[in-house]
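Comments concern the structure below.
The values are calculated or read from the model by the stated rules, or taken from the named source; none is laboratory data. Remember, it's a predicted structure, so these values are computed and weren't measured experimentally. Reconstructed Cβ throughout: ideal geometry from the backbone, glycine too, with neighbour counts over all protein chains shown.
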Amino acid sequence: MPGTRTSDVKSFTTLWLTLLSAGLVIAGAAWAVASGGPQTQLALTPPMGWNDWYQYECKVDEKAVKANAAALVSSGMKAAGYRYVSIDDCWQGQRDANGFIHSNSRFPDMKGLGDYIHGLGLQFGIYSSPGPKTCAGYEGSYTHEQQDAETYARWGVDFLKYDWCSASQVYSPDQMQAAYRKMYEAILKTGRPMVYSLCQYGLEAVWRWGASVGGNVWRTTDDIGGDGYARVSMFGFQQNGLEKFAGPGHWNDPDILQIGLGQLNFDEEKTQMTLWCILAAPLLAGNDLTHMGQQTLSLLTSAEVIAVDQDPKGVQGQRVWQEGPFEVWVKPLAGGSKAVALFNRSLSALTITARFGDIGVHDRAEVRDLWARKDLGVFNDGFTAKVPPHGAAMVRVKEIR
Ligand code: GAL
């Protein structure tokens with residue numbers, strides 16, 4: 001380069017090297033977020049567990065969490081696949097002089113609680129907010145993200161639900177992604193894998209970017225509780241169309257199961273379980289596991305229904321046919337067969353037909369009732385079932401070639 005001094009060349013080279021390495025760092029960070037870094041092996045199938053919120057709200061304490069964790073094992077729910085025992089809001093106490101969060105008097109020993117949960121072969125979930133306060137007014141993680149992530153790692157946390165709440169007072173909507181990414185990066189820095197559960201009620205079409213900020217699951221809806229079948233069905237059925245955003249490691253989350261909470265009748269509970277499994281939604285029980293009727297337990301642990309949710313192909317099902325309040329949904333499964341759900345959203349029992357043409361099956365197929373765990377035989381052209389009001393049927397259809 002004529003007229004260029006050696007020192008200029010050096011600084012030019014240094015500049016390029018600096019830019020190159022900065023580029024590599026940025027690309028590396030982007031890769032870590034995109035690929036999940038140490039988080040990549042998490043939630044390859046939708047997370048299953050228990051969350052205290054609907055049963056206890058802010059009355060939750062260590063004793064209740066331990067009792068429910070133990071019941072998760074003794075009831076057979078652990079054997080059915082449920083793993084995460086999650087404390088929701090209201091566990092937080094004050095920050096110390098160095099800014100580290102402490103639990104309140106209802107949770108005297110978080111590390112001990114984590115050890116207890118791990119000792120049962122289960123995993124430990126916790127809750128916070130990117131805002132200064134949680135939705136119930138407890139201490140949030142705002143400006144303390146790294147410290148909180150480190151504290152959770154020290155306690156042995158395996159799952160973090162991060163709830164927007166008061167973050168709306170300190171961030172604008174266009175800063176939401178950065179706020180969620182910030183906690184993701186803080187988790188990465190701890191080196192402890194934690195399933196990262198975004199909760200911001202589906203704002204800003206979270207399904208489009210949840211995975212890019214490290215989310216393993218993201219709530220697509222507002223809170224599901226409090227209005228029985230109306231809200232459960234509205235939120236569940238409106239997941240249609242979001243299937244392209246879900247897959248292994250990143251799932252749409254229409255919120256906690258209402259089964260056993262006294263909000264739904266038997267057929268409505270069966271509808272929620274059927275729909276959540278067709279949707280490949282997280283299965284988070286919300287009821288008191290220490291006092292659970294046989295019917296509740298059988299709905300929560302039906303093995304072949306759960307297998308649809310947990311199918312390794314990881315495809316979220318979708319609606320393929322609708323006639324007013326009658327719907328047919330399909331979820332392709334690993335191995336080529338299809339889970340098919342027939343829903344009756346009306347108030348009278350009615351027959352519904354899943355036509356094979358609508359579900360991508362030709363001519364003849366073997367049909368198995370997944371709730372009854374019974375082969376129903378070989379069917380031509382379609383499968384018809386009488387479905388109770390607000391009820392559901394679920395079958396597996398295997399084409400005969
Ligand atoms: C809501 C959230 C609920 C629950 C509650 C706790 O915002 O959607 O799932 O976590 O806060 O205060």
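Can you find even one residue in region 59-66 that is out of contact with any helix residue (DSSP H, G or I) (no Cβ under 7 Å at 6 or more places or on another chain), in contact (Cβ under 8 Å) with a residue 40 or more places away in the chain and not charged (D, E, K, R)?
Step one: filter region 59-66 for residues out of contact with any helix residue (DSSP H, G or I) (no Cβ under 7 Å at 6 or more places or on another chain), giving 59-61, 63.
If we keep only those that are in contact (Cβ under 8 Å) with a residue 40 or more places away in the chain too, we end up with 60-61.
Those still in the list that are not charged (D, E, K, R) too: 60.
The answer is yes; a qualifying residue exists.
Consider residue 137 against the criteria (1) within 16 Å of the ligand (Cβ to nearest atom); (2) on the phi < 0 side of the Ramachandran plot: it satisfies all of them except one. Which criterion is unmet?
Status for residue 137: all satisfied but (2).
Could you tell me which residue of region 179-223 is surrounded by the most Cβ atoms within 10 Å (Cβ to Cβ), considering only residues that are under 22 Å from residue 279 (Cα atoms) and among the charged types (D, E, K, R)?
Among them, the one singled out is 219.
State which residue pairs qualify: first residue not assigned by TED's automatic domain parsing to the domain that holds residue 341 and inside region 278-303, second residue of a type in the set (S, T, N, Q) and assigned to a loop (DSSP other than H, G, I, E, B) in any location, beta carbons under 7 Å apart, and separation of 6 or more residues or different chains.
Within 7 Å, the pairs are 279/239; 279/316; 280/316; 286/258; 289/75; 292/75; 296/287; 297/75.
Please work out if residue 196 is in contact with a strand residue (DSSP E or B) (Cβ under 8 Å, 6 or more places away or on another chain) and either β-branched (Val, Ile, Thr) or assigned by TED's automatic domain parsing to the domain that holds residue 247 (or both). It would help to see each step written out before you state the result.
Values: in contact with a strand residue (DSSP E or B) (Cβ under 8 Å, 6 or more places away or on another chain): yes; either β-branched (Val, Ile, Thr) or assigned by TED's automatic domain parsing to the domain that holds residue 247 (or both): yes.
Criteria met by residue 196.
Determine if region 55-69 includes at least one residue that is away from the ligand (no atom under 16 Å from the Cβ), aromatic (Phe, Trp, Tyr) and either more than 30 Å from residue 298 (Cα to Cα) or at pLDDT 95 or above (or both). Can you show your working first?
Taking region 55-69 first, the residues away from the ligand (no atom under 16 Å from the Cβ) are 62-63, 66-69.
Narrowing further to those that are aromatic (Phe, Trp, Tyr): none.
No; the residues of region 55-69 include none that is away from the ligand (no atom under 16 Å from the Cβ), aromatic (Phe, Trp, Tyr) and either more than 30 Å from residue 298 (Cα to Cα) or at pLDDT 95 or above (or both).
Does region 235-258 include one or more residues that are under 20 Å from residue 302 (Cβ atoms), of a type in the set (Phe, Trp, Tyr) and without any contact (Cβ under 8 Å) to a residue 60 or more places away in the chain?
Scanning region 235-258, I find no residue that is under 20 Å from residue 302 (Cβ atoms), of a type in the set (Phe, Trp, Tyr) and without any contact (Cβ under 8 Å) to a residue 60 or more places away in the chain, so the answer is no.
Of the conditions (1) within 14 Å of the ligand (Cβ to nearest atom); (2) in a loop (DSSP other than H, G, I, E, B), residue 168 fails just one. Which one is it?
(2)
Of these, 226, 236, which one is closer than 24 Å to residue 52 by Cβ and surrounded by fewer than 16 Cβ atoms within 10 Å (Cβ to Cβ)?
226
Within region 221-231, is there a residue that is of a type outside the set (Lys, Arg), under 19 Å from residue 317 (Cβ atoms) and either outside any helix (DSSP H, G or I) or within 16 Å of the ligand (Cβ to nearest atom) (or both)? Don't jump to the end; show me each part of the working.
Filtering region 221-231 down to residues of a type outside the set (Lys, Arg) leaves 221-230.
Going one step further and asking which of them are under 19 Å from residue 317 (Cβ atoms), we end up with 221, 224.
Then keep just the ones that are either outside any helix (DSSP H, G or I) or within 16 Å of the ligand (Cβ to nearest atom) (or both); that gives 221, 224.
Yes, some residue in region 221-231 is of a type outside the set (Lys, Arg), under 19 Å from residue 317 (Cβ atoms) and either outside any helix (DSSP H, G or I) or within 16 Å of the ligand (Cβ to nearest atom) (or both).
When the residues of region 77-119 are narrowed to those that are within 16 Å of the ligand (Cβ to nearest atom) and charged (D, E, K, R), which ends up surrounded by the fewest Cβ atoms within 10 Å (Cβ to Cβ)?
In this case the residue turns out to be 106.
Yes or no, residue by residue, for (1) within 18 Å of residue 52 (Cα to Cα); (2) hydrophobic (A, V, I, L, M, F, W, C); (3) crowded, with 23+ Cβ neighbours inside 10 Å; (4) touching a Phe, Trp or Tyr at 6+ places or on another chain (Cβ under 6 Å):
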| position | (1), (2), (3), (4) |
| --- | --- |
| 121 | no, no, no, no |
| 140 | no, no, yes, no |
| 146 | no, no, no, no |
| 153 | no, yes, no, no |
| 163 | yes, no, yes, no |
| 177 | no, no, no, yes |
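Tell me which strands (runs of 3 or more DSSP E) are completely within region 243-328 and hold 1 or more residues being of a type outside the set (Ser, Thr, Tyr) and buried (at least 23 other Cβ atoms within 10 Å of the Cβ), or say none if there are none.
Because the criterion is at least 1 residues that are of a type outside the set (Ser, Thr, Tyr) and buried (at least 23 other Cβ atoms within 10 Å of the Cβ), the strands (runs of 3 or more DSSP E) in region 243-328 that meet it are 251-253, 283-285.
Are any residues in region 232-242 assigned to a loop (DSSP other than H, G, I, E, B) and within 16 Å of the ligand (Cβ to nearest atom), and if so, which ones? Please lay out each step first, then the result.
Let us first name the residues in region 232-242 that are assigned to a loop (DSSP other than H, G, I, E, B), namely 238-242.
The answer is none; no residue qualifies.
Yes/no per residue for (1) outside any helix (DSSP H, G or I); (2) at positive phi; (3) in the same structural domain as residue 74 (by TED's automatic domain parsing); (4) touching a residue at least 40 places away in the same chain (Cβ under 8 Å):
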| site | (1), (2), (3), (4) |
| --- | --- |
| 90 | yes, yes, yes, yes |
| 93 | yes, no, yes, yes |
| 106 | yes, no, yes, yes |
| 113 | no, no, yes, yes |
| 116 | no, no, yes, yes |
| 125 | yes, no, yes, yes |
